[in-house]
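Working notes, structure below.
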Amino acid sequence: MSEHKKKQLTEAFFTYTEEQVLEKMQTTREGLSSAEAEKRLREYGHNQLDEGKKKTLFDKFLDQFKDFMIIILLIAAALSFVMGDEVEAVMIVVVVFIMAIFGVVQEAKAEEAIEALKDMSTPNANVRRDNHTVVVKSTDLVPGDVVLLEAGDVIPADVRLVEAASLKIEEAALTGESVPSEKAVTVLTDVDTDLGDRVNMGYMNSNVTYGRGVGVVVGTGMNTEVGKIASMLAQADETNTPLKENLNELGKILTIAILVICVIMFAVGMIRGGHEWIDMLLTSVSLAVAAIPEGLPAIVTIILALGTQKMAKRNALVRKLPAVETLGSTDTICSDKTGTLTLNQMTVEEIFTNNQQQSAASDIDGENMTLKIMTYCNDTKFSAEGSLIGDPTETALVQYGLNKQFDVQAKLAEEPRVAEVPFDSERKLMSTIHELANGQYLVAVKGAPDELLKRCHSFDVDGNVAAMTQAQTDLILETNTSLAKQALRVLAMAYKILPDIPDDLTSDAVETDLIFSGLVGMIDPERKEAADAVRVAKEAGIRPVMITGDHRDTAEAIAVRLGIISENEHDAVVTGGELNEMSDEELATNIEKYSVYARVSPEHKVRIVKAWQKDGKVVAMTGDGVNDAPALKSADIGIGMGITGTEVSKGASDMVLADDNFSTIVVAVEEGRKVFSNIQKTIQYLLAANLGEVLTLFIATLAGWDTLLPVHLLWINVVTDTFPAIALGLEPAEKNVMKMKPRGRNSNFFSGGVMSSIIYQGILEAAITLGVYLYAINYPVHSTYAEIHADALTMAYATLGLIQLFHAFNVKSVHESIFTVGFFRNKAFNWAVLVSFILLASTIVIPGFNDLFSVAHLVPYQWAVVFGASVSIIPIVELVKFVQRRVIAK
């Protein structure tokens, strides 16, 4: 990289004069020669973004095997194979590979963000070279090129403006500011000027909405502001989701438990004597393998996949499976304002006309002069389809007229524009002249209230014109101040009638001796459903935080209207400039104080997200612009906008809102909480069942009883662990799920009494199973030892299977009664239990199957004992839950 190229990354060209810029870039107003352009192209490279290093499909596949739980399963498969249980080994390996393939498919588009940034580049640019204006590919632009800009252009590189005639540039995707920025060639003195306030700069991929300009290219490719975002995006850390962290923690806990089981089993067996060490080792290992819920990762994946389908039906499109659950643990939602909490569409909200202020919803006379001026003095165009094209502020004025049944096109056809004085950022006014039917001419003027008022000598009330008085001036200024305090953008309207078109179309000739007509207050309004969504989020214990590129007053007003902060919480608002004065440590220390961030840059957004994470919070970040992408990738869950969002923001997101509706996030949070709860229920169910199996086999082995064979454990796991566990993932959300506080980053699957429930319920399953075995031995229905033993083994096998099916009803809720939750609300669950029962019972009652499974036919009395013992787990667990609820209530 050349020295000049290094300087580009740090030099503040907005603080340079035009001469300094031309000198630094070694160019002139006439631009570069073709030869010099070719030389610089070789030196700096093409004006495009680096692709970055991509992962191969194989690398993505290998990444799926880095989860601790998957490693444990592969070890279990190897042990099963060594012990001769090839069927179970193959089953485990197949499940793991299917999960890996599913993960690769789900995350195949995870690296699209930089590609999308690259694709946003404009194909052509108008450039001065060799003293001529030529069209070149934007990728061939070099530092020092002089680019010509006009309305409708996409800026092809970062440029320092040297000419700006009524130039406005829409930079929302980069700065987050909802209103196009008015540009000028003014030299700025503060090197810390925020991106959105650099009025003499134009940035790559922003849009010219009005006027024309000329700019000197000062940054191309990765040296542009968009390039900096691409670099941040490539370097952003992939945040581990709470789900992955929980599963890894679960894997570690299971590993420790399994090792302990192996050691204890082997030690006790050797102390008791009577067994060869190799036999005892194999028995210990088989018991350890039985303790692993090999179906758990697959079932978790299925539950997440089902969650994605439900969320897709409600306009939340999930790109990465763990994101479903992550939403459920979210403590903080950092939301971009423009286009997410607001409509990203300037709208007339208040109008002051005929000396009265009224809301935009109020009726207005079609002959009202303020209405006529705002639609006449306007450069908005109508597309062939009837949509409005132009500056958002001007289209808002025309849209207001259309909403009031004012036929703008027909009126302009009757009173056409014949002359104009274009908008100028210095005088802050625009005028158009229209020919009236009587041969006179209407001068329609709009602009900044303070500037326009200076040129008004009278005012209009219901068509009656009177001389301007101090009292009238005070009323207008007070109204203007009142509207501005509401963060409304205020424009003033005035007019006059002339007998002829002035020969000299200048401001001094046209914009004098005006008649004041009214004021119009506009804002990018909040979405109708956003305030309710903020309220629900707060009730759910989630902190909504608003981040925007807009000015402080606008940001604060919208935040108050949304309910994010109250009217007196001025200290809850902080600006990008103030953030620059804080260290990362200071920001993390004070992060709880701030709910609104105004005038921020992409770097600020990442800092904000990381500060909340450092505070121990699970952070969701929403956004739709290029500037949001790094923060979206750094957050625990990035949420992009499907309609207004750029491809960059979508590519960096874990989830995309198809309707751009903030309230959809609340729906997704509810689904995420339900998913976690259902995964937690599944884990409770599976681990309690596996613990019951381990304890049954462990105690029986120590006691010298021959209770269960490996084929019994395998079939019970296949039948009872699969269908009911998956069906638990379809359980509807429990009541008041959105009234509970977020569980946070430090919680896990064993929180909330789940661990204690697993332990006592596993012990209970083992105790009941062994109790049935002993009952069958002591109260036989046959006389021979072989028949008694066969009956006892069969009854223990049937009880252990059935008790798990009945226990599945218990885990519909960790603490709530099954009678409150509902026995039969989940039809899929009911069918799953029925199918599992049929598959289990078939191994006993169908001739031939019982020989294959080494079990005997049971008489009705024995079946009654099995059913009675198995179903007893429901009232016992209900009693424990009742006591738990009473203790919690106290």
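Read the figures in this text as sums done on the coordinates, not as results from a lab. What you see is a predicted model; the values in this text were computed from it and never measured. With ideal geometry, Cβ positions are generated from the backbone for all residues, glycine too; neighbour counts draw on all protein chains shown.
What's the angle, to the nearest 10 degrees (0 to 90), between helix 785-810's Cα axis and the longest principal axis of the chain?
Approximately 20 degrees, to the nearest ten.
Gap in Å between the Cα centre of region 836-857 and the Cα centre of region 351-410?
80 Å
Among Ser329, Tyr44, Tyr210, whose Cα projects farthest towards the positive end of the dipole of the chain, with charges put on the beta-carbon of Lys, Arg (+1) and Asp, Glu (-1)?
Ser329
What's the Kirkwood radius of region 432-578 in Å, using all Cα pairs?
Working: mean 1/r = 0.0544 Å⁻¹.
About 18.4 Å, per the Kirkwood formula over Cα pairs.
Between Val737 and Ser566, how high is the FRET efficiency from 1/(1 + (r/R0)^6) when r is the Cβ-Cβ distance and R₀ = 35 Å? Nearest 0.05. Write down the numbers at each step before the final one.
Numbers: r = 27 Å, r/R0 = 0.77.
Efficiency computed from Cβ-Cβ geometry: 0.80.
Can you give the three extents of the C-alpha atoms in region 698-777 along their principal axes, from longest to shortest, in whole Å?
Projected onto its principal axes, the Cα set of region 698-777 covers 52, 24, 22 Å.
So, in nm, how far is label Ala184 from label Met755 when the simple model puts each one 7 Å beyond its Cα toward the Cβ?
6.5 nm
Hey, how many Å between the Cα centroid of region 579-618 and the Cα centroid of region 783-832?
52 Å
When the Cα centres of region 632-680 and region 15-30 are compared, how far apart do they sit, in Å?
If we compute the Cα centre of each part, the gap is 45 Å.
Taking only DSSP H segments of four or more residues, each worth -39500 (n - 2.57), what value at 222 nm results for the chain once the sum is divided by all its residues, to the nearest 500 deg cm²/dmol? Intermediate values should be presented prior to the final figure.
Working: 35 runs with 438 residues, N = 890.
It comes out at -15500 deg cm²/dmol, rounded to the nearest 500.
Just want the answer: with Cβ charges of +1 for Lys and Arg and -1 for Asp and Glu, which residue in Thr370, Leu259, Thr664 is farthest toward the dipole's positive end in the chain?
So the residue furthest toward the plus end is Leu259.
Give me the extension gain from Gln486 to Lys313: residue separation times 0.36 nm, minus the current Cα-Cα distance, reported in nm with one decimal. If you can, show how the numbers build up before the last one.
Values: separation 173, 0.36 × 173 = 62.28 nm, distance 3.76 nm.
The span from Gln486 to Lys313 would gain 58.5 nm if fully extended.
Give me the Kirkwood hydrodynamic radius of the chain, using the inverse of the mean 1/r over all pairs of distinct Cα atoms, in Å to one decimal.
Taking the inverse mean of 1/r over all distinct Cα pairs, the chain comes out at 32.0 Å.
Please give the charge dipole size of region 487-577, origin at the Cα centre, charges +1 on K and R Cβ atoms and -1 on D and E Cβ atoms. Round to the nearest 20 debye. Before the final figure, lay out the partial values.
Working: 9 positive and 17 negative charges, 140 e Å.
The dipole magnitude comes to about 680 debye.
By how many nm would the segment from Asn403 to Arg886 lengthen if fully extended, with 0.36 nm per residue of separation less the alpha-carbon distance? Walk me through the numbers on the way to the answer.
On the way: separation 483, 0.36 × 483 = 173.88 nm, distance 5.96 nm.
Taking 0.36 nm per residue and subtracting the Cα distance, the gain is 167.9 nm.
Output the peptides 445-456, 654-665 sorted from most to least packed, where packing is the average of other Cβ atoms within 10 Å over each peptide's residues.
Final packing ranking: 654-665, 445-456.
Compute log10 of I(q)/I(0) for region 352-523 with the Debye formula, placing one identical point scatterer on every Cα and leaving out solvent, at q = 0.12 Å⁻¹, to two decimals.
-0.51
So, in nm, how far is label Ala384 from label Lys528 when the simple model puts each one 7 Å beyond its Cα toward the Cβ?
3.3 nm
Given charges of +1 on the Cβ of Lys and Arg and -1 on the Cβ of Asp and Glu, with all other atoms neutral, how large is the dipole of the chain about its Cα centre, in debye to the nearest 20?
Here the size comes out at about 3080 debye.
Output needed for region 548-694: three equivalent-ellipsoid semi-axes, defined as square roots of 5 times the C-alpha gyration tensor eigenvalues, in descending order, whole Å. Don't skip to the answer; put the middle values down first.
Numbers: eigenvalues 222, 73, 49 Å².
Each semi-axis is √(5λ); the values are 33, 19, 16 Å.
How far apart, in nm, are the 7 Å Cα→Cβ label points at Glu150 and Asp500?
For Glu150 paired with Asp500, the spin-label model returns 3.2 nm.
Nothing charged except the Cβ atoms of Lys and Arg (+1) and of Asp and Glu (-1): what's the magnitude of the dipole of region 352-523 about its Cα centre? Round to the nearest 20 debye. Present the calculation step by step, with values, prior to reporting the outcome.
Details: 13 positive and 26 negative charges, 96 e Å.
It comes to approximately 460 debye.
Students often check this: by mean Cβ neighbours within 10 Å, which of 478-488, 504-514, 327-337 ranks highest, and how do the rest follow?
Values: 478-488: 16.7, 504-514: 14.7, 327-337: 26.6.
Descending packing order for the listed peptides: 327-337, 478-488, 504-514.
Which residue, chosen from Asn568, Ser677, Ile846, occupies the Cα position most advanced towards the positive end of the dipole of the chain, where the dipole is computed from +1 (Lys, Arg) and -1 (Asp, Glu) charges on Cβ about the Cα centre?
My answer, from the dipole projection, is Ile846.
Roughly how tilted is helix 277-291, in degrees to the nearest 10 and between 0 and 90, from the longest Cα axis of the chain?
40 degrees
Report the extension gain between Ser583 and Ala305 in nm, rounded to one decimal, defined as 0.36 nm multiplied by the number of residues separating them, less their alpha carbon distance.
Values: separation 278, 0.36 × 278 = 100.08 nm, distance 4.12 nm.
Using 0.36 nm per residue and subtracting the Cα-Cα distance, I get 96.0 nm.
Can you give the angle from 0 to 90° between the axis of helix 34-44 and the longest principal axis of the chain, with both taken from C-alpha atoms, to the nearest 10?
The helix 34-44 is inclined about 30 degrees to the chain.
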